[in-house]
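Readers should treat all values here as calculations from the given coordinates under stated rules, not as data from a laboratory. Computed from a prediction, not measured in an experiment: that's the story for all the values here. Here Cβ is always computed from backbone atoms with ideal geometry, including for glycine, and neighbour counts include all displayed protein chains.
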Amino acid sequence: MNRKKILVTGGAGFIGSHLCERLLNEGNEVICLDNYFTGSKDNVIHLLDNPYFELIRHDVVHPFHIDVDEIYNLACPASPVHYQYNPIKTIKTSVMGAINMLGLAKRVKAKILQASTSEVYGDPNVHPQPEAYWGNVNPIGIRSCYDEGKRCAETLFMDYHRQNGVRIKIVRIFNTYGPRMNPEDGRVVSNFIVQALKGEDITIYGDGMQTRSFQYVDDMVEAMVRMMGSDESFTGPVNTGNPGEFTMLELANLVLELTGSKSKLIFCPLPSDDPKQRRPDISLAKEKLGWEPKVQLRDGLVKTIGYFDNVLKNS
Ligand code: NAD
Ligand code: UDP
């Protein structure tokens, strides 16, 4: 069979671990690279028995040499709490990580996919967001280390493609959730579920009227794999997200309903530069990848709540 050798950076993280699993299930050889900043060996421990899986501790700000056919570049903390913990390291990870992985792709002639983000649209004044929208990003705010790092990575991907003919793919991922998020991750879905299950107050930032679109991880992984396999002339960027749009108050109430929790909602200060609204226009993904998300928020939350319930009972 045609077993591809695939490198996944950030493979021990939330999305990365699901991606590694999927690629192995398809009969590929997977090399997972991670520095365990926000990821964990626990996320991939069930894959360690597979002879076609390798786990390597490595920081992508340093060059890495290996002969592979494809690279998925996911290494980067994704939760505002974690990417703001050491903002200089975050921007180094995005920018130097992209340079190192693109250099590798160029040398070994691998195809490379970048996990970009809806944060490239910043606090958008076009709604919903199509790929052609250039965004509204504060270049000097507390989120810039992540937003501008990811924007610069997109620039690097396009320039390596134009200048060196590297085969690239860029996906702009909208808020994704599911099992294997870290209970301490700090993002809204995991926070609300963990708080509800523990009977703690649900922390609504601001008035809770800001919106997000939540995509279940299986849908995201499907989009990434389709993008990697898509026609070579299609580089993206392409949005992947679920166009359902919810306020944080709606999300909190849904989590309370599904957990049966009696937790109270409390209102906390809104972090600066927090985008007011976000929803993907996924026409391009539908057209080019024949993809659209299948999992409704309610169904995805039920699965995720089951996961966290188990984690909390065993901790
Ligand atoms: P995550 O924090 O669970 O995963 C990131 C992984 O990268 C972790 O395993 C972490 O240890 C690793 N990492 C961080 N810095 C590294 C470095 N310097 N060297 C090597 N490894 C490093 O987050 P996630 O949600 O799984 O996100 C994965 C990717 O998808 C990230 O690039 C993120 O920006 C992107 N993304 C995610 C979302 C989302 O909603 N989950 C949305 C947009 C984009
Ligand atoms: N949020 C919230 N309570 C929390 C965590 C987050 O109300 O405990 C809000 C946050 O202010 C933002 C939205 O939920 O408006 C999504 O936040 P998250 O950190 O998950 O992702 P991002 O802001 O990067 O989309």
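Side notes on the structure shown:
- Pairwise centroid distance, computed over Cα atoms, of region 165-182 with region 248-282, Å: 22 Å
- Unsatisfied cross-links (Cα-Cα over 32 Å) in the set 92/169; 41/288; 150/198: 41/288; 150/198
- Based on C-alpha pairs under 8 angstrom that are at least 6 apart in sequence, region 1-155 has a relative contact order of 21 percent.
- Over region 135-192, relative contact order from alpha-carbon pairs under 8 Å, at least 6 apart, %: 15 percent
- Loop-located GluC sites (Glu not before Pro) in region 24-77 (DSSP state not H, G, I, E or B) with no more than 13 neighbouring Cβ atoms inside 10 Å: 26.
- Within the shell of other residues whose beta carbon sits under 10 angstrom from the beta carbon of residue 213, the net charge comes to +2, with Lys and Arg scored +1 and Asp and Glu -1.
- Folded to 0 to 90 degrees: helix 188-198 orientation relative to the chain principal axis, Cα: 50 degrees
- Taking the centroid of alpha carbons for each part, region 19-37 and region 63-109 are 15 Å apart.
- Segment residue 200-residue 3, length gained on full extension (0.36 nm per residue, minus Cα span): 66.2 nm
- Between the amide H of residue 170 and those of 114, 236, 238, distances stay under 5 Å, these residues lying 5 or more places away or on another chain, with hydrogens modeled in the peptide plane.
- The angle between the Cα long axis of helix 14-25 and the longest principal axis of the Cα atoms of the chain comes to about 50 degrees, rounded to the nearest 10.
- Relative contact order of the chain: 17 percent, from C-alpha pairs under 8 Å at least 6 residues apart in sequence.
- Under the simplified labelling scheme, the residue 234-residue 45 pair shows an inter-label distance of 3.9 nm, with each label point 7 Å from Cα along Cα→Cβ.
- Table column - 3J(HN,Hα) (Hz), region 249-265, Karplus curve with 6.51, -1.76, 1.60, x for Gly and Pro: 5, 4, 4, 4, 5, 5, 5, 4, 4, 6, 8, x, 7, 9, 4, 9, 8
- Whole-Hz Karplus values for region 100-115 come out as 5, 6, 5, x, 4, 4, 5, 5, 9, 6, 8, 8, 10, 10, 9, 7 Hz, taken residue by residue from phi with 6.51 cos²θ - 1.76 cosθ + 1.60 and θ = phi - 60°; glycine and proline positions read x.
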